[in-house]
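Visitor: Questions regarding the structure given below will be posed in turn.
The values are calculated or read from the model by the stated rules, or taken from the named source; none is laboratory data. Predicted model only: the values in this text are computed from it and were never measured. For neighbour counting, all protein chains shown are included, and Cβ atoms are generated from backbone atoms with ideal geometry for every residue, glycine included. With ligands, DNA and RNA removed, areas are computed over all heavy atoms of the protein, side chains included. Shrake-Rupley method; radii C 1.70, N 1.55, O 1.52, S 1.80 Å.
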Number of protein chains: 2
Amino acid sequence: MHAQPIVPQLDAGSAEAKREEIRGYFHTTWDIYEKLFDVMSSDESYLVRPDPLRHPVIFYLGHTACFFVNKLVLAKLIPERVNPRFESIFAIGVDEMSWDDLDEKNYDWPEMAAVWEYRRQVREMVDELISTMPLSVPIGWNDPFWVIMMGIEHERIHLETSAVLIRQLPLEYVESTPDWPICERSGDAPANELLPVPGGTVVLGKDRSHGLYGWDNEYGRRESDIPPFRASKYLVSNDEFRKFVDDGGYATEQWWTTEGWSWRQYVEAVMPRFWRREGEQWRLRCLTAEIPMPWNWPVEINQLEAKAFCNWQAHRTGRPVRLPTEDEWYRLLDISGVGDMPHWDTTPGHLNLDGPASSVPVTENMTAGFGDVVGNVWQHTETPISGFPGFEVHPFYDDFSTPTFDTRHNLIKGGSWISTGNEATRDSRYAFRRHFYQFAGLRYIETDAPVEVQDDIYETDDLVSQYCEFHYGDEILGVPNFPRACAELCREAVGKRKISRALDLGCATGRSTFELARFADFVTGIDFSARFIKVGHEMQQNGRIRYVIPDEGELVSYREQTLADLDLADTADKVEFWQGDAHNLKPRFDNYDLVLAANLIDRLYDPARFLDEIHGRMAPGGVLVLLSPYTWLEEFTPRDKWLGGRKIDGENVTTLDGLQAALTPRFRLMGEPRDVEFVIRETARKNQHTRSQMSVWERVE
Amino acid sequence: MHAQPIVPQLDAGSAEAKREEIRGYFHTTWDIYEKLFDVMSSDESYLVRPDPLRHPVIFYLGHTACFFVNKLVLAKLIPERVNPRFESIFAIGVDEMSWDDLDEKNYDWPEMAAVWEYRRQVREMVDELISTMPLSVPIGWNDPFWVIMMGIEHERIHLETSAVLIRQLPLEYVESTPDWPICERSGDAPANELLPVPGGTVVLGKDRSHGLYGWDNEYGRRESDIPPFRASKYLVSNDEFRKFVDDGGYATEQWWTTEGWSWRQYVEAVMPRFWRREGEQWRLRCLTAEIPMPWNWPVEINQLEAKAFCNWQAHRTGRPVRLPTEDEWYRLLDISGVGDMPHWDTTPGHLNLDGPASSVPVTENMTAGFGDVVGNVWQHTETPISGFPGFEVHPFYDDFSTPTFDTRHNLIKGGSWISTGNEATRDSRYAFRRHFYQFAGLRYIETDAPVEVQDDIYETDDLVSQYCEFHYGDEILGVPNFPRACAELCREAVGKRKISRALDLGCATGRSTFELARFADFVTGIDFSARFIKVGHEMQQNGRIRYVIPDEGELVSYREQTLADLDLADTADKVEFWQGDAHNLKPRFDNYDLVLAANLIDRLYDPARFLDEIHGRMAPGGVLVLLSPYTWLEEFTPRDKWLGGRKIDGENVTTLDGLQAALTPRFRLMGEPRDVEFVIRETARKNQHTRSQMSVWERVE
């Protein structure tokens, strides 16, 4: 049809040639996007919502132009907007919205002619920029041309997703055109079968020097070992899926996940979304027309339906059938030898608009014995998207990926007939809500390997994130990292004592637990908050945590921290984390040579009780290290339980006095108390800056 | 009777002689206090409450011993307590309490024998300390012996206040003893008259080198000019007061203050508390007995009754009659030539237990034509107590005075027959709630001078105090004072412009308003908060503010700041403070050459409106200086009004972007924005440490 160009290589060629290549790529993209809208039957059809929770089609036409302007403004590459009103109304609402966001009164859509004129103006402006902006090769992700590429690839994404939406419009609003031909080949479906895929190592993720434009979620690196598995030879055809439908698959809760069944009940689905049934006749809705059901085309369903099909299939066959994970999908890709842009000679599947504007039979594009390794329709996976280790947000599009790192967006792989540009490259990673439709189906696999879902999603709990940064983040205001400093001071305090067992009480997100393990044989971290403990666990298990911290107002930064970067990788197997109450520890927590309680005592509901009992957890001669800013608050500690910082029998009692009274005679104060500063970041500009008092106590009784 | 010794001079004599003098003073005090309790008729009477809201008498017997121990522990002069239980139950509850503090079940009073034994033990311990503690002359208020003097003088206060309480016990619980004889002289009262007192300057307050022990409220210095006035020759006698009673004074609301009438209604008073009426016979309750009314003794009433009497007298005579202020009382003292301890040869009035244990006729002690300039009974004043300029809290007794600096405690002056030690010195200052009884009456004066009540009481509003310290307090964490830095940066920013009028918008407690007046001819400070503006006003009017800041838990510090100490005394007449809304300023606030808005914009409910209108308040070429940490909170600013720090049309907009958009083209950004740090103290250990961004804008349109 309109086979699209190979994506520009950003790290090779002369500057001027690259400028012209990008200019061409821009205009081709602009043209094909506008051409898609040829199928709209009238200006009125642009105002029809393809889905009750989506904007009408006019939005998507304006949106890709508006996106260019907004990103160029943000990057300060253009001094002013093209049309501030349009750049507001076409800016947001790409995804499914809630009903009240869509209140019609919020939208006063412009005339179609104005939208086309706006697109013309933006096209001219971008062309002018392409002609005049400084360009040097390679083009990196901080360069002005990266923003141009971002706008282009963004429009290519919408080429596909707008096609999906247009497919959902009633037929009266669309018309067939020769530019968007439906495949005329169809017939009986082949019998599917499972073929072996050898095990091996999969390496995912690009580094910054990669020669193609990429979205932020493509960078970083993940390596995994995949055991051998078997994969279905073909994508599941309409015919193969019909057995599930005929078997009452849509009426049988047991095949569905909780989420899947909930969705099915809500939409009252009885078959795939684009299937039609007229008496005994089955038909399929394509982009612009309905046709008799092509049984040997791949079925198009959402991830929830794909998963239900696999569960049904597993039950039916008694085999461990499921969707592939992202890694498993790449393993099949790797052994198939399918080529990747820009290095392919011919399109390695029904991809890149290099064929009809619809699916084709599942048997037409075979590679290494498998059909449609890439192309035709996307393939659902078991894997919710998350960033690879080393992930960083692009500053000009910080919400491209991170909102999807929520375990609710699953990856689709391989591309479809209308996937072009970045979408058609090996490394691209797209993910949608599991109930969303794309041009997507499935290949199932058989394996005993469990699915490991990465749930190292970005911590967004304000307090937990604040403590993640406090423990693992950057030094602020020149004050050394507090949990690390505490551990270092513990090391000084214990001197030559051998520390077999250390206890980090009130460990919060666990940094000092790891730090203590630099010199202690084993360290227990305990905190009252399960939310905090979860971070320590995650750091221990994955060696990595991720969280979001506020910068200014609602603007945020995304952070990733690793044990390795903190030179703590070796400590992971020397620590344990438990949720627990410092007043009431389980019996197993005993015989500690060192107990650190940093910023704990003024958060206990009965600190005197804690101090009265802690000797029972310690080995003779053990060392107790207390740090606290003595910020007594009735929210945490009833006033009459404050160790100090109050009048007792009419006289001022400091907390240090109270500590001395509570710990004598079982403990002996070692040396003079000293102050240890700490800083907790609240925003990019605002911090808490506090001094804790440290006192070190030796158990003498 | 038992004339008491002259108070020890702490700045003269040899150490060993001083040690013995103090030992003697201690034992004399201990003896006379115990002797007072000879009038208790039985052990049971100790358990009777003299007042429904006061402890029984046993508490006061134990309390003065317990006080020694508690202060010595606090001062770390003794290693352990004498009797922890007693030192808890006898510690608090000296003053009137609320009914629920007095719940009987909270108190399990010991046997009397145990209390006496406890007093013996404490006496022995203190004697031992006096014998052994290091002593050098002079004894200053940080020295160990100051704590001894504190305990002694504390007991001397209770000698008097316990006598007042015992006087309130029913007669069955007391018995007369020869040691506490009631005066037998009484007769017709003299006609009172007003005598002139020449005007002059009164200087109050001691400095630290003063030779006698003093409570914290005596230190500092206040000077005032007193215009001539007239004062009643005698204290008001029972006879003179009876005219008020007979005239229906207790039934006539118009003579009473609101507080006074409220008290009268509550207690249903119809005559002075210690008066009795049996048919036509009037009698007076003395310490241990009732006697026929001695009409020529001074009337004993509380301050509210004294004030009502004056108002009645003023109305009756058509003259401006009222109580004297503290300063006016001293003016009369000064012209009377009454001697002061330790420099008197004979007691200058019925004072220091140098006579009967009751009042005496008002005619017996004449000095310079006036009766009872000091002694006989205390004299009520118009003046609520507050600290003199330079006041500091004593670290071992931080709640001796400050809780009374609340405008609800009025000074009584001159002492009574049972005032001894510090109470009997010129410089002592005692104040009680206005409805309390002491051995106190009144002398009235006639003057046109208005009463100026100092309301520079300690600011205790947490937020206001925090800002007082932020603006006027010490440098914290090495970060320069922020409002001062802002003003300095304004001075740099305006360069050689002449600044006739400057506006400090969001001035809070006003420091930068004063600072701007170093180089601006006139500065207007405006803040939305009347609570903040009040501080600026007070600083301007009095050159001084006082506030309380939290240190640790409920422990606090008292602070005084003066314009003079900040070298800002000259600016007070170049500033004005107004409460106002930055969005909606009165027309008169215009034509400013400089507008400073520090930490304001993120606290406005519509910052864009403010920025849109501010040029109208400025002279052409005027300079607008904005500082803000951009801490946007929905509590202050609806999210859709945030200037930045949010996504607008899907893209991140920083506040600086938002400022630029809002101020262009009326203003031009001068130079690059820069950061200015500030620190706000929350406790002695905890601070907010923030960076504001400063941008400077010149009005160009």
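Visitor: Apply the a/c threshold of 1.5 to the C-alpha gyration tensor of the stretch B:376-507 and tell me whether it is rounded, prolate or oblate.
Guide: Numbers: a/c = 3.53, a/b = 2.26, b/c = 1.56.
In terms of gyration-tensor shape, prolate.
Visitor: I've got another one for you. Output wanted: per-residue J couplings in Hz (rounded whole) for the stretch B:471-482, from phi through Karplus 6.51 cos²θ - 1.76 cosθ + 1.60, θ = phi - 60°, x for Gly and Pro.
Guide: 8, 10, x, 5, 5, 10, 6, x, 8, x, 3, 6
Visitor: Follow-up. Let me spell out the model: positive unit charges on the Cβ of Lys and Arg, negative unit charges on the Cβ of Asp and Glu, origin at the Cα centre of the stretch A:586-701. What dipole size does that give, in debye rounded to 20?
Guide: 380
Visitor: Could you give the length gained on full extension between B:Met670 and B:Asp606, defined as 0.36 nm per residue of separation minus the Cα-Cα distance, in nm?
Guide: Length gained, B:Met670 through B:Asp606: 20.6 nm.
Visitor: Let me ask something else. What are the nm distances, shortest first, from A:Asp340 to its equivalents in the other copies, labels at 7 Å along Cα→Cβ?
Guide: 9.3
Visitor: Further question on the same structure: Looking at the stretch B:42-82, which residues lose a minimum of 40 Å² of accessible area between their chain alone and all protein chains in place, measuring with a 1.4 Å probe and not counting ligands or nucleic acids?
Guide: Relative to the lone chain, where solvent access is computed with a 1.4 Å probe, the stretch B:42-82 loses at least 40 Å² at B:Leu74.
Visitor: Can you pull the Rg over Rh of the protein assembly as shown, Cα-only, Kirkwood?
Guide: Radius of gyration over Kirkwood radius for the protein assembly as shown works out to 1.11.
Visitor: Work from the charge dipole of the stretch A:566-677 (Cβ charges, +1 for Lys and Arg, -1 for Asp and Glu, about the Cα centre) and give the residue of A:Leu568, A:Ile601, A:Val653 farthest towards its positive end.
Guide: A:Val653
Visitor: Of all beta bridges DSSP finds with both residues in chain B, what is the antiparallel percent, to the nearest 5?
Guide: 70
Visitor: 7 Å from Cα along Cα→Cβ at both A:Asp43 and A:Phe519: what's the point-to-point distance in nm?
Guide: 7.9
Visitor: Take the alpha carbon atoms of the stretch B:270-310, find their radius of gyration, then divide it by 2.2 N^0.38 Å using N residues; give the quotient. Can you show the working numbers first?
Guide: Values: Rg = 10.8 Å, N = 41, 2.2 N^0.38 = 9.0 Å.
In units of the globular-protein estimate, the stretch B:270-310 measures up at 1.20.
Visitor: Filter the trypsin sites (Lys or Arg not before Pro) in the stretch B:576-629 to those in DSSP coil with at most 15 other Cβ atoms within 10 Å of their Cβ, and list the result.
Guide: For trypsin sites (Lys or Arg not before Pro) across the stretch B:576-629 that sit outside H, G, I, E and B with at most 15 neighbouring Cβ atoms in 10 Å, the list reads B:Arg588.
Visitor: Given 0.36 nm per residue, what is the gain on full extension from A:His27 to A:Arg283 after removing their alpha carbon distance, in nm?
Guide: 88.5 nm
Visitor: Given H placed 1.01 Å from N in the peptide plane, which residues other than close sequence neighbours of A:Met618 have an amide H under 5 Å from its amide H?
Guide: When sequence neighbours closer than 5 places are left aside, the close amide H contacts are A:Asn591, A:Tyr592.
Visitor: If you don't mind, another one. At 1.4 Å probe radius, can you tell me the per residue accessible area of the stretch B:290-347 in Å²? Let's see the in-between values first.
Guide: On the way: 1920 Å² over 58 residues.
I get 33 Å² per residue for the stretch B:290-347.
Visitor: Where only protein heavy atoms count, and the probe is 1.4 Å, what is the accessible area per residue for the stretch B:458-594 in Å²?
Guide: Working: 5590 Å² over 137 residues.
Accessible surface, normalised per residue, equals 41 Å².
Visitor: Tell me, in nm to one decimal, what length is gained between A:Asn584 and A:Gln541 on full extension, where the rule is 0.36 nm per residue of separation less the Cα-Cα distance? List each step's numbers first, then the result.
Guide: Values: separation 43, 0.36 × 43 = 15.48 nm, distance 2.66 nm.
Once the chain is fully extended between A:Asn584 and A:Gln541, it gains 12.8 nm.
Visitor: Label position 7 Å from Cα toward Cβ: report the copy-to-copy distances for A:Asp521 in nm, one decimal, ordered from shortest.
Guide: Here A:Asp521 shows inter-copy label distances of 8.2 nm.
Visitor: Would you grab the residues whose amide H sits under 5 Å from the one on B:Ala598? Only those 5+ places off in sequence or on another chain, please, with H modelled 1.01 Å from N.
Guide: B:Leu505, B:Leu627
Visitor: If you don't mind, another one. What total accessible surface area, summed over both chains, is buried at the interface between chains A and B, computed with a 1.4 Å probe and given in Å² to the nearest 100?
Guide: Looking at A and B, the buried total is near 3900 Å².
Visitor: Karplus couplings for the stretch A:168-185 from phi (6.51 cos²θ - 1.76 cosθ + 1.60, θ = phi - 60°), rounded to Hz, Gly and Pro as x?
Guide: 8, 6, x, 4, 4, 8, 10, 9, 6, 9, x, 6, 10, x, 8, 4, 9, 8
Visitor: For the stretch B:1-48, what D do you get in µm² per second when you plug the Kirkwood radius from alpha-carbon pairs into Stokes-Einstein at 4 °C and 1.567 mPa s?
Guide: Values: Rh = 12.9 Å.
Reported coefficient: 100 µm²/s.
Visitor: Per residue, how much accessible surface does the stretch B:55-166 expose to a 1.4 Å probe? Answer in Å², no decimals.
Guide: Details: 4330 Å² over 112 residues.
About 39 Å² of surface per residue is accessible.
Visitor: Between the DSSP loop rule and a limit of at most 12 other Cβ atoms within 10 Å, which GluC sites (Glu not before Pro) in the stretch A:631-667 are left?
Guide: Passing both the DSSP loop test and the Cβ count: A:Glu634, A:Glu635.
Visitor: Put a point 7 Å out from Cα along the line to Cβ at A:Gly211; what are the distances to that point in the other copies, in nm, shortest first?
Guide: From this label point to the equivalent ones elsewhere in the assembly: 10.0 nm.
Visitor: For the cross-link pairs A:Lys496/A:Lys534; A:Lys647/B:Lys71; B:Lys233/B:Lys307; B:Lys534/B:Lys586; A:Lys35/B:Lys647; A:Lys586/B:Lys686, which exceed 22 Å when the distance is taken from alpha carbon to alpha carbon?
Guide: A:Lys496/A:Lys534; A:Lys35/B:Lys647; A:Lys586/B:Lys686
Visitor: Right, next: Need one number: nm distance between label points at B:Ala251 and A:Glu128, each 7 Å from Cα along Cα→Cβ, rounded to one decimal.
Guide: 9.6
Visitor: Find how many whole Å separate the alpha carbon centroid of the stretch A:179-247 from the alpha carbon centroid of the stretch B:30-78.
Guide: 91
Visitor: Taking every pair of distinct Cα atoms and averaging 1/r, then inverting, what Kirkwood hydrodynamic radius in Å comes out for the stretch B:643-701? Mind dumping the intermediate values first?
Guide: Values: mean 1/r = 0.0735 Å⁻¹.
Roughly 13.6 Å, rounded to one decimal.
Visitor: Also: Using only alpha carbon pairs under 8 Å that are at least six residues apart, calculate the relative contact order of the stretch B:510-586 and give it in whole percent.
Guide: 43
Visitor: Using only the alpha-carbon atoms, what does the stretch A:181-297 span along each of its principal axes? Please give whole angstrom values in decreasing order.
Guide: That works out to 56, 40, 32 Å along the principal axes.
Visitor: Can you find, among A:Pro292, B:Thr404, A:Ser42, the residue farthest towards the positive end of the dipole of the protein assembly as shown? Put +1 on the C-beta of Lys and Arg, -1 on that of Asp and Glu.
Guide: The one lying farthest along the dipole's positive direction is B:Thr404.
Visitor: With a ≥ b ≥ c taken as the square roots of the eigenvalues of the C-alpha gyration tensor of the stretch B:1-128, please select rounded if a/c is under 1.5 and otherwise prolate if a/b is larger than b/c or oblate if it is not?
Guide: prolate
Visitor: With only Lys, Arg, Asp and Glu charged, each at its Cβ (+1 for the first two, -1 for the last two), find how big the charge dipole of the stretch A:320-436 is about the Cα centre; round to the nearest 20 debye.
Guide: 360
Visitor: Leaving out ligands, DNA and RNA, and with a 1.4 Å probe, what % of the accessible surface on chain A is carbon or sulfur? Please list the in-between numbers first.
Guide: Details: 12960 of 26850 Å².
Carbon-and-sulfur percentage of accessible area, whole number: 48.
Visitor: How large is the charge dipole for the protein assembly as shown, taken about the Cα centre, if only the Cβ atoms of Lys, Arg (+1) and Asp, Glu (-1) carry charge, to the nearest 20 debye?
Guide: My answer is approximately 560 debye.
Visitor: For the stretch B:142-242, taking Cα atoms only, what is the radius of gyration to one decimal and the Dmax to the nearest whole Å?
Guide: 20.4, 52
Visitor: Per residue of B:640-650, how many C-beta atoms from partner chains lie within 10 Å of its own C-beta, taken as a mean?
Guide: Per residue, the number of nearby Cβ atoms from other chains is 5 on average.
Visitor: Computed on alpha carbon atoms, what radius of gyration and Dmax characterise the stretch B:299-343, expressed in Å?
Guide: Calculated on Cα positions, Rg and Dmax stand at 13.9, 42 Å.
Visitor: Something else now. How high is the relative contact order of chain B, in percent, counting Cα pairs under 8 Å that sit 6 or more residues apart?
Guide: Rounded, it is 11 percent for chain B.
Visitor: Using alpha-carbon pairs under 8 Å, 6+ residues apart, how would you state the relative contact order of the stretch A:660-701 in percent? Don't jump to the answer; show the numbers that get you there.
Guide: Numbers: 58 pairs, mean separation 20.6, N = 42.
The normalised contact order for the stretch A:660-701 reaches 49 percent.
Visitor: Comparing the chain by itself with all protein chains present, which residues of the stretch A:553-593 are at least 30 Å² less accessible (probe 1.4 Å)?
Guide: A:Gly553, A:Glu554, A:Leu555
Visitor: Let me ask another. Return the chain B residue and its Cβ-to-axis distance, rounded to the nearest Å, for the rotation relating B to A.
Guide: In residue-and-Å form, the answer is B:His689, 2.
Visitor: Given C-alpha coordinates of chain B, what is the ratio Rg to Rh with the Kirkwood estimate of Rh?
Guide: 1.06
Visitor: Provide Rg over Rh for the stretch B:130-191; use the alpha carbon set for both Rg and the Kirkwood Rh (inverse mean inverse pair distance).
Guide: Here the Rg-to-Rh quotient is 1.23.
Visitor: Run the helix sum for the protein assembly as shown: -39,500 (n - 2.57) per DSSP H stretch of 4+ residues, divided by residue count, reported at 222 nm to the nearest 500 deg cm²/dmol.
Guide: Computed mean residue ellipticity for the protein assembly as shown: -9000 deg cm²/dmol.
Visitor: So how many Å³ per residue does the convex hull of the Cα atoms of the stretch A:303-397 work out to? Walk me through the intermediate numbers first.
Guide: Numbers: hull volume 16.6 nm³, N = 95.
In the stretch A:303-397, the Cα hull volume divided by residue count equals 175 Å³.
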